[in-house]
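See below for the structure under consideration.
Just so you know, all these numbers are worked out from the coordinates, no wet-lab data involved. Predicted model, so just to flag it, every value in this text is computed and none were measured. Backbone-built Cβ (ideal geometry, glycine too); neighbour counts: all protein chains shown.
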Number of protein chains: 2
Amino acid sequence: MKILVAGGDGFLGSHMVDRLVEDGHEVAVLDRFPDNRTRHLGHLEGRVRLVPGDRAARETAAEALKGQDAVYDFVCATNPAVSWNDIPLEIEQNLLPAVQFFEMAAEAGVRKLVFVSSGGTVYGPAEGAADEARVPLPVNPYGIVKLACEHFLRHVRAKRGLAYDVYRVANAYGPRQSVTSAQGVVAVWMRRILDGEVLQVRGDERTVRDYVFVKDIARLMTHSLRDLSSSDTFNLGTGKGTSIVDLLEIFRRVVDVPFRFERTPRGPSDATVSTLDSRKLLQHYPGFRFSDLEDKVRETWQDFRARHRCA
Amino acid sequence: MKILVAGGDGFLGSHMVDRLVEDGHEVAVLDRFPDNRTRHLGHLEGRVRLVPGDRAARETAAEALKGQDAVYDFVCATNPAVSWNDIPLEIEQNLLPAVQFFEMAAEAGVRKLVFVSSGGTVYGPAEGAADEARVPLPVNPYGIVKLACEHFLRHVRAKRGLAYDVYRVANAYGPRQSVTSAQGVVAVWMRRILDGEVLQVRGDERTVRDYVFVKDIARLMTHSLRDLSSSDTFNLGTGKGTSIVDLLEIFRRVVDVPFRFERTPRGPSDATVSTLDSRKLLQHYPGFRFSDLEDKVRETWQDFRARHRCA
């Protein structure tokens with residue numbers, strides 16, 4: 001199958017590319033490729049087609065979309081912390097370009113678009129594991145715009161027949177996660193440890209998140225390719241909550257260099273307990289088991305240490 | 001109480017102004033007032049303060065918001081038919097200015113903002129009377145952006161403490177409804193009759209809407225002033241469905257001039273059966289009865305005939 005991965009040189013996107021190549025698909029990657037090289041796709045040189053540029057640029061998008069059966073869209077210009085303080089940026093950089101891209105995909109004859117939404121911010125700070133039947137009550141502009149993108153996909157399907165799947169992903173972690181962004185506590189902590197900085201442990205036993213390993217995400221998102229005419233919305237998380245305090249304990253067992261930390265109170269955009277009920281998706285993967293958090297924090301730590309040495 | 005009505009010279013807005021003045025409030029009206037005069041507030045000359053300008057203009061908005069206890073926001077730059085074909089317009093003209101206005105209201109120390117949302121487009125084309133616990137699945141960009149505005153009000157409350165109420169209003173009709181806009185079948189039909197044009201009856205017995213009289217809307221929306229610190233979301237419709245065919249029968253009984261009509265199929269943005277369950281709001285109005293549709297179509301027809309003679 002011919003598949004475009006927009007944002008395919010990023011954290012989630014590059015793992016999706018790995019998976020799709022492994023599964024034998026013909027993969028193109030649309031990304032900015034600053035300095036004219038890939039960040040995370042060097043090992044696939046010659047095996048994927050690179051389309052450099054911005055998906056917000058019409059010509060680039062048209063070139064990338066031509067002839068594709070399906071598109072995975074991982075492009076995201078902000079994160080929840082940035083978005084909280086700059087709504088116009090969120091709307092102009094995330095909402096408008098996404099909707100334009102959806103319409104262009106439909107025009108180009110793409111059969112299905114797969115969109116990465118946000119399980120943590122779309123539902124808002126309600127208690128208990130959210131399933132897809134819960135009324136979304138986002139508070140962070142990041143989640144408000146993700147949810148609006150989901151609705152615009154429903155619009156474009158009604159207007160132009162483009163099928164779509166939405167994955168509301170929980171707290172992703174794993175190798176290649178950006179160390180410069182403020183998003184992703186596992187990556188932020190590892191970067192601080194490697195730079196000799198003090199860890200900020202924001203929250204307490206009640207600050208609970210659903211950490212899901214990036215390769216599990218990529219595997220589960222291949223579900224969309226089984227039927228290019230269906231449209232659906234899925235949670236994608238383990239359903240298991242881990243408190244920030246328990247995560248710190250895992251770090252103390254896994255990280256083989258000394259580090260210091262300090263506790264700080266919860267911020268205004270932190271949901272208290274945020275886990276996802278993903279049974280709707282998992283029924284399509286009988287016997288699937290999520291990776292063990294401690295095992296994969298260890299694997300992630302090896303990746304971060306190796307990258308730190310090269311940098 | 002000091003109250004600003006943004007868009008207060010329009011159809012819904014001017015009836016709200018009437019009601020608030022009658023209830024003894026000190027009312028200011030922010031509207032564009034083209035040709036330097038009001039469209040619907042002439043009878044209140046000297047009794048309301050007029051602030052001419054666009055709520056998207058920061059200086060105008062700041063001037064209008066200063067010292068207000070509460071704000072009713074009726075400004076809307078599009079309608080569902082326009083929005084269906086121009087998403088960037090919908091986002092740039094309705095979403096961005098609304099969010100800017102919400103943030104400015106919070107900065108100005110306004111205690112509560114009351115926002116008019118859309119019962120017909122926010123829920124999407126599901127069957128049966130929607131209540132507020134239903135998951136909104138909008139398909140029309142107009143409804144997607146209304147829903148995003150609702151979420152941004154939740155954001156601004158969390159960030160800056162501005163309370164809000166949202167009213168998801170059903171199909172409003174009544175005196176003063178615009179005859180130039182494509183929105184509002186009662187007004188569109190009356191305008192066509194008065195201009196000697198053929199009525200377009202779009203849909204059939206299954207094209208059912210919840211028609212609610214504009215003065216009932218204004219009365220029920222005063223609920224927000226009972227507690228300026230509470231925030232909530234309410235449906236506002238009669239809960240009673242009327243098919244387009246039954247509405248035509250009412251017109252045949254009410255309209256005292258001959259007219260012709262033709263039947264056309266449903267369009268893509270028409271929900272089939274769209275009624276609202278408003279019990280959550282109505283519990284605060286024991287004994288309230290909605291106006292009779294035929295009575296009020298007659299009253300509206302008198303208003304349209306009188307305005308047509310003057311024009």
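Quick notes on this one:
- Sorted shortest first, the separations between the B:C310 label point and its copies elsewhere in the assembly read 7.5 nm; each point sits 7 Å from Cα along the Cα-to-Cβ line.
- Net charge of the neighbourhood of B:L248, taken over other residues with C-beta under 13 Å away and scored Lys/Arg +1, Asp/Glu -1, is +1.
- Each residue of segment A:288-304 was assigned a 3J(HN,Hα) from its phi angle through the Karplus expression (A = 6.51, B = -1.76, C = 1.60, θ = phi - 60°), giving 5, 10, 5, 5, 6, 4, 5, 3, 7, 5, 5, 4, 5, 4, 4, 4, 5 Hz with x at Gly and Pro.
- Basic side chains Lys and Arg get +1 at the Cβ, acidic Asp and Glu get -1 at the Cβ, and with that the dipole of segment A:100-199 about its Cα centre reaches some 320 debye.
- Dividing the convex hull volume of the alpha-carbon atoms in segment B:153-307 by its residue count gives 135 Å³ per residue.
- Per the Debye calculation on segment B:9-56 with a single equal scatterer at every Cα and no solvent contribution, log₁₀ I(q)/I(0) for q = 0.16, 0.18 Å⁻¹ amounts to -0.38, -0.49.
- Mean ellipticity per residue at 222 nm, deg cm²/dmol - from DSSP H runs of n ≥ 4 across the protein assembly as shown, formula -39500 (n - 2.57): -10500 deg cm²/dmol
- Computed from the C-beta positions of B:K66 and A:A81 and an R0 of 41 Å, the FRET efficiency is 0.80 to the nearest 0.05.
- Shielding of peptide B:87-99 by partners, expressed as the average count of other chain Cβ atoms within 10 Å per residue Cβ, is 3.
- Most fluctuating residue given options B:P136, B:P258, B:P125, as computed from a GNM of chain B linking Cα atoms under 10 Å: B:P258
- Farthest positive-ward along the protein assembly as shown dipole, Cα basis, beta-carbon charges - from B:H25, A:G128, B:F102: A:G128
- Chain A - Rg and Dmax from Cα coordinates, angstrom: 18.8, 57
- Between segment B:100-178 and segment A:228-279, the alpha-carbon center distance in angstrom: 32 Å
- Label-to-label distance, nm, for residues given as B:Q200 and B:L89 (7 Å Cα→Cβ offset): 1.5 nm
- Computing Rg and the Kirkwood Rh from the Cα coordinates of segment B:1-132 gives a ratio, Rg/Rh, of 0.99.
- For A:D216, the shell of other residues with beta-carbons less than 14 Å away shows a net charge of +1, using +1 for Lys and Arg and -1 for Asp and Glu.
- Rounded to the nearest 20 debye, the dipole size of chain B about its Cα centre is 220 debye, using +1 on the Cβ of Lys and Arg and -1 on the Cβ of Asp and Glu.
- Along each principal axis, Cα extent of segment B:50-91, largest first, Å: 39, 18, 16
- For segment B:237-311, the extents of the C-alpha atoms along the principal axes are 41, 33, 23 Å, listed from largest to smallest.
- Two-decimal Rg to Rh for the protein assembly as shown - Kirkwood Rh, Cα set: 1.01
- Neighbours of B:A187, meaning other residues whose beta-carbon lies under 12 angstrom from its beta-carbon, give a summed charge of +3 when Lys and Arg score +1 and Asp and Glu score -1.
- Of the residues A:N79, A:V114, A:I144, the one whose Cα sits farthest toward the positive end of the charge dipole of segment A:51-144, with +1 on the Cβ of Lys and Arg and -1 on the Cβ of Asp and Glu, is A:V114.
- Percent RCO, i.e. relative contact order, over chain A, from Cα pairs under 8 Å lying at least 6 residues apart: 18 percent
- Checked against a 31 Å cut-off, the cross-linked pairs A:K240/B:K159; A:K159/B:K66; A:K159/A:K240; B:K146/B:K240 give Cα-Cα distances beyond that limit for A:K159/B:K66; A:K159/A:K240.
- Copy-to-copy label separations for A:P52, where each label sits 7 Å from Cα toward Cβ, in nm and ascending: 5.5
- Highest-first packing order for the peptide set B:205-213, B:139-147 is B:139-147, B:205-213, based on the mean count of other beta carbon atoms within 10 Å.
- The distance linking segment A:52-89 with segment A:1-28 is 15 Å (Cα centroid to Cα centroid, whole angstrom).
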